[in-house]
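Down below is the structure, laid out as structure tokens.
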There are 2 protein chains.
Amino acid sequence: MLQIALLGFGVVGGGTAEVLLENQKQIAAYCGDDVNIKYILDLREFPDHPLGDRVVHDVKIILDDPEVVLVAEMMGGAHPAYDFTRAALEAGKSVVTSNKEVVATFGTELLELAREHGASYLFEASVGGGIPIIRPMQTDLASNEILAVSGILNGTTNFILTKMKNEGADFADVLRLAQQKGYAEANPTADVEGLDAARKIVILAALAFGTLLDPNKIPTTGITGITRDHTETADKLGGAVKLIGHTEKIDGKILALVSPYFVPATNPISHVDDVYNGILVDANMLGRALFYGAGAGKLPTASAVVADILDVLSHRKDERRLPVWTRAAENDVADPTAYVCRRAYLFEGCQKCAEKAKKALGAQDAVFLEGSRFALISSPLSEKAAVDALAATGLCPILTLPVLD
Amino acid sequence: MLQIALLGFGVVGGGTAEVLLENQKQIAAYCGDDVNIKYILDLREFPDHPLGDRVVHDVKIILDDPEVVLVAEMMGGAHPAYDFTRAALEAGKSVVTSNKEVVATFGTELLELAREHGASYLFEASVGGGIPIIRPMQTDLASNEILAVSGILNGTTNFILTKMKNEGADFADVLRLAQQKGYAEANPTADVEGLDAARKIVILAALAFGTLLDPNKIPTTGITGITRDHTETADKLGGAVKLIGHTEKIDGKILALVSPYFVPATNPISHVDDVYNGILVDANMLGRALFYGAGAGKLPTASAVVADILDVLSHRKDERRLPVWTRAAENDVADPTAYVCRRAYLFEGCQKCAEKAKKALGAQDAVFLEGSRFALISSPLSEKAAVDALAATGLCPILTLPVLD
């Protein structure tokens, strides 16, 4: 019998217990032994739950029990989740987690701690909810060099942007609807300001390049400034506005950012709508692969947590190949103004201005919108080069969005 | 030093050697030991290749060498690939393969043979080229019950259908172009008649449901009958015609088929264009996930072969959890006329006929095309019920396509 413990019995913790109970036989066959939830740590009591008798309020009971080989941390928040994870790894217990804040902030040291103590630290559920992305990047793409990762990493903001696009609605109205539907929290800041996506792209960048950036320090723009101008421009240019987390290397340094992008209809990411997530990986052998699915929710996220539990329990004898991350030094981080991409612009002006802007930005065409406004897409330029080119014309864009090609 | 052998030094075999050589260090770190290609089996000589001295023409040299722990079979065709695979497994060597014909035809017994001899038999590259799909289904979705799998599994036919859609071109013309571009073979039968996709959906069905159907016996319709009527109808109904392999369970029995489908634009599969593949998995916990990428090609396919090599070599100590498949008995196979789905129809007729057809098929709307033709989408009906409903009206559709919702 393999004994495990759950930390946190909220939405994801409850879902994880549900998946483990419902699929007991299948899971035992997979692990070569029965898996039992010996403890559930929560501040609350759950007298009516079939596992109510497993609930404990003191993490020490779990840490001190040598039978417990694995802890699934689904508490959310940095503390005490981080502290309990440390203690569990130091006790030689493997930890799996859905907690992106802990992974994005403390992943480097927790992976090292796990290696030191011969334990595992897995976090498939921390990015993309139930979508398989972390394990495929580490196994299926193991022989590839990752060139870039770009994704719609937050379902709440994607729901809002999809509604704004389809119904010509305003941000504030759609946010209210999302809150009513339970897709956005009462305090939606972490979602709409892009912090949630920043944590996730920082984790993906670390998987791709081995260096963990500070999620609070990467350039992060959310969707609160998105207006009908943006959605109309995107529509005219043949694509959609999406909140994208993107990472790539520039001259050996790592760029990671979160920003609204213009995504042309030719990119499969532009069709990832509503609360779905989609993650595009560019790899040197495989080329482009897209992973798409439910980026959040009780059972999808629990599905990923249980996949990690099964991975740990079924590979007990082999030494775990945990990724080695280093914490980013200042010198590891690329200058964001050196980021080369096409950019979408909206200007106010006449046909002559459009010709001037096209020439300055190396654009093929300009399309006119109502009210003598025109939109165009530049050729690939660094942000610095684009700003300089525009400054020389005297034209000032109403809006600028990087393009995800 | 871990010694391996390659069987077949064509496109995929050459790509696999390239990936292994280029990423030697990374691969050694992953496996905990250096990996060396000791032998390459091919009928030809490769005097100018850096690995030319490893080429042998007699498989016995490989089978009799106890140092060789793994064989990568990339010969294609049923024989002698199957026979060499058997012999390698019987000698206790693990086998990884890109050979969908062998997996789809002999997978059941080869997996059993591998289990008997404590070896592995992995085949990530047999479906979807480089796209991670087999391993994610077996690991990330391990706690899920798979409900259905649907996919664009053949790049050649998807290229042809995309061109037909975008350019209003005819099948024969686009096929010639595909042959010129190297996307279609001189003898394109296996692709355009759907046999290639049939082999792949049979493998996915076995992964989902544990039963391997005979790929030559599942209902298989290719794209040779697709005309402008189809593409125009799909366009009017808001979607695209795609060649889909689909599998699901009907009353405990397995349905697997290959057919042109109408895929509405709301389904992400409808945006999988050109030579790309896309596979949609419906799972009871995760919900819907899409895996998208390069479904063929030298380096993408090699990337998947090498991922399997790394999987085997890095999990040498743990007992391999190979799937247990059974060969389908007649009683395991669902009656295809019991398949319930929406269906897209094109009819010739007047407004009154359209009303009659809508009523009979439970359609919401009918859209009129040029030449007093109309298209509609039925409500979900079994094929039998749809045929009966139409027979009662006396209407005879110009074309019928199942809908992938």
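Cα convex hull, the range B:282-336: 200 Å³ per residue, rounded to a whole number.
When you filter the trypsin sites (Lys or Arg not before Pro) in the range A:331-389 for DSSP loop state and at most 14 other Cβ atoms inside 10 Å of their Cβ, nothing is left.
Taking the Cα centre of the protein assembly as shown as reference, the dipole from Cβ charges on Lys and Arg (+1) and Asp and Glu (-1) amounts to some 1520 debye.
Treating each Cα of the range B:340-401 as an identical point scatterer and summing with the Debye formula, the log10 of I(q)/I(0) at q = 0.13 Å⁻¹ comes to -0.26.
Tally Lys/Arg at +1 and Asp/Glu at -1 over every other residue whose Cβ is under 10 Å from the Cβ of B:ALA375; what's the total? Local net charge: -2.
Can you compute the FRET efficiency between A:GLU355 and B:ALA91 using 1/(1 + (r/R0)^6), with r the Cβ-Cβ distance and R0 = 45 Å? Round to the nearest 0.05. E(calc), rounded to 0.05, equals 0.05.
How large is log10 I(q)/I(0) at q = 0.08, 0.12 Å⁻¹ when the Debye formula is applied to the Cα atoms of chain B, each weighted equally and without solvent? So the normalised log intensities are -0.46, -0.94. Normalise the Debye intensity by I(0) for the range A:277-405, one equal point scatterer per Cα, no solvent, then take log10 at q = 0.14, 0.23 Å⁻¹ and round to two decimals. For the requested q values the scattering log ratios are -0.84, -1.26.
Placing +1 on each Lys and Arg Cβ and -1 on each Asp and Glu Cβ, with no other charges, gives chain A a dipole about its Cα centre of roughly 1040 debye. Each residue, B:ASP388 and A:ASP53, gets one label point 7 Å from its Cα in the Cβ direction; the gap between the two is 5.2 nm.
Centre-to-centre separation between the Cα atoms of the range B:161-180 and those of the range B:56-76: 41 Å. Charges on Cβ only, +1 for Lys and Arg, -1 for Asp and Glu, centred on the Cα centroid of the protein assembly as shown; of A:ALA296, B:ILE152, B:ALA302, which one is farthest towards the dipole's positive end? In the protein assembly as shown, that residue is B:ILE152.
The angle between the Cα long axis of helix B:81-90 and the main principal axis of chain B comes to about 50°, on a 0 to 90 degree scale. Inter-part distance, the range B:1-46 to the range A:84-136, computed on C-alpha centroids, equals 33 Å. Note on the protein assembly as shown: along the principal axes its Cα atoms extend 69, 68, 58 Å, ordered by decreasing extent.
Of the Cα atoms belonging to the range A:129-192, the radius of gyration and Dmax stand at 16.0, 47 Å. Pairs of Cα atoms in the range B:236-321 fall into 10 Å distance bins, from 0 up to the last occupied one, in shares of 13, 31, 34, 17, 4, 0 percent.
Taking amide H as placed 1.01 Å from N in the peptide plane, the amide H of A:VAL68 sits under 5 Å from none that are at least 5 places away or on another chain. Counted by neighbouring Cβ atoms within 10 Å, the residues A:SER382, A:SER314, B:SER379, B:SER143 run from fewest to most as B:SER379, A:SER382, A:SER314, B:SER143.
What the phi angles of the range B:123-132 give under the Karplus curve with 6.51, -1.76 and 1.60, with θ = phi - 60°, is a coupling list of 8, 3, 7, 7, 10, x, x, x, 5, x Hz, glycine and proline written as x. Positive end of the dipole of the protein assembly as shown (Cβ unit charges, origin at the Cα centre): among A:ALA205, A:THR220, B:LEU404, the Cα lying farthest that way belongs to B:LEU404.
Inter-copy label distances at B:GLY362, shortest first and taken from points set 7 Å along Cα to Cβ: 5.6 nm. Rounded to the nearest 10 degrees, the angle from helix A:383-393 to the longest Cα principal axis of chain A is 20 degrees. For B:VAL19, the shell of other residues with beta-carbons less than 11 Å away shows a net charge of -2, using +1 for Lys and Arg and -1 for Asp and Glu.
Remark: B:LYS181, A:LYS242 ranked as B:LYS181, A:LYS242, counting other beta-carbon atoms within 10 Å and listing the fewest first.
Taking Cα atoms only, the orientation of helix B:155-167 departs from the longest principal axis of chain B by about 40 degrees. Annotation note: trypsin sites (Lys or Arg not before Pro) in the range A:15-69 located in DSSP loop regions with a Cβ neighbour count of at most 10 within 10 Å are A:ARG44. Across the range A:173-190, coupling constants 3J(HN,Hα) worked out from phi with the 6.51/-1.76/1.60 Karplus curve, θ = phi - 60°, read 5, 5, 4, 4, 4, 4, 5, 4, 7, x, 7, 10, 7, 4, 9, x, 3, 4 Hz, and Gly and Pro carry x. Largest first and in whole Å, the equivalent-ellipsoid semi-axes of the range B:1-85 read 20, 15, 12, each the square root of five times a Cα gyration tensor eigenvalue. If only the Cβ of Lys and Arg carry +1 and only the Cβ of Asp and Glu carry -1, the dipole of the range A:147-207 around its Cα centre is close to 160 debye. Panel values: the range B:204-360, Kirkwood radius from alpha carbon pairs, Stokes-Einstein at 25 °C and 0.890 mPa s, translational diffusion coefficient 130 µm²/s.
Close amide-amide hydrogen proximity is noted between B:LEU153 and B:GLY245, each under 5 Å apart and 5 or more residues distant or on a separate chain (H modeled in the peptide plane; Pro and chain starts excluded). 3J(HN,Hα) along the range A:349-354: x, 8, 4, 5, 4, 4 Hz, from the Karplus curve 6.51 cos²θ - 1.76 cosθ + 1.60 with θ = phi - 60°, whole Hz, x for Gly and Pro.
Excluding same-chain neighbours fewer than eight residues apart, the lysines reachable from B:LYS93 by a Cα-Cα span under 24 Å are A:LYS317, B:LYS25, B:LYS38, B:LYS60, B:LYS317. When the Cα atoms of the range B:34-143 are aligned to their principal axes, the ranges along those axes come out at 48, 31, 29 Å in descending order. Number of Lys-Lys pairs in the range A:158-249 with C-alpha atoms under 27 Å apart and a separation of 8 or more places or on different chains: 15.
Across the options B:ALA87, A:HIS230, B:VAL12, the greatest Cα extent toward the positive end of the charge dipole of the protein assembly as shown (unit charges at beta carbon of Lys, Arg, Asp, Glu) belongs to A:HIS230.
Listed from fewest to most Cβ neighbours within 10 Å, the set B:ASP335, A:ASP235, B:ASP273, B:ASP48 follows the order B:ASP48, B:ASP335, A:ASP235, B:ASP273. For B:GLY239, the amide hydrogen comes within under 5 Å of the amide hydrogens of B:ALA265, counting only partners 5 or more places away or on other chains and with H modelled in the peptide plane.
Net charge near A:LYS352, counting Lys/Arg +1 and Asp/Glu -1 over other residues with Cβ under 15 Å of its Cβ? Every neighbour counted, the sum reads +2. Shown here for the range A:6-57: GluC sites (Glu not before Pro) in loop regions (DSSP other than H, G, I, E, B) with at most 11 other Cβ atoms within 10 Å, namely A:GLU45.
Coordinate-derived values only; no laboratory data. Keep in mind the model is a prediction, meaning the values are calculated, not measured. Quick reminder, even Gly has a Cβ in these numbers, built from the backbone with ideal geometry, and neighbours come from all protein chains shown.
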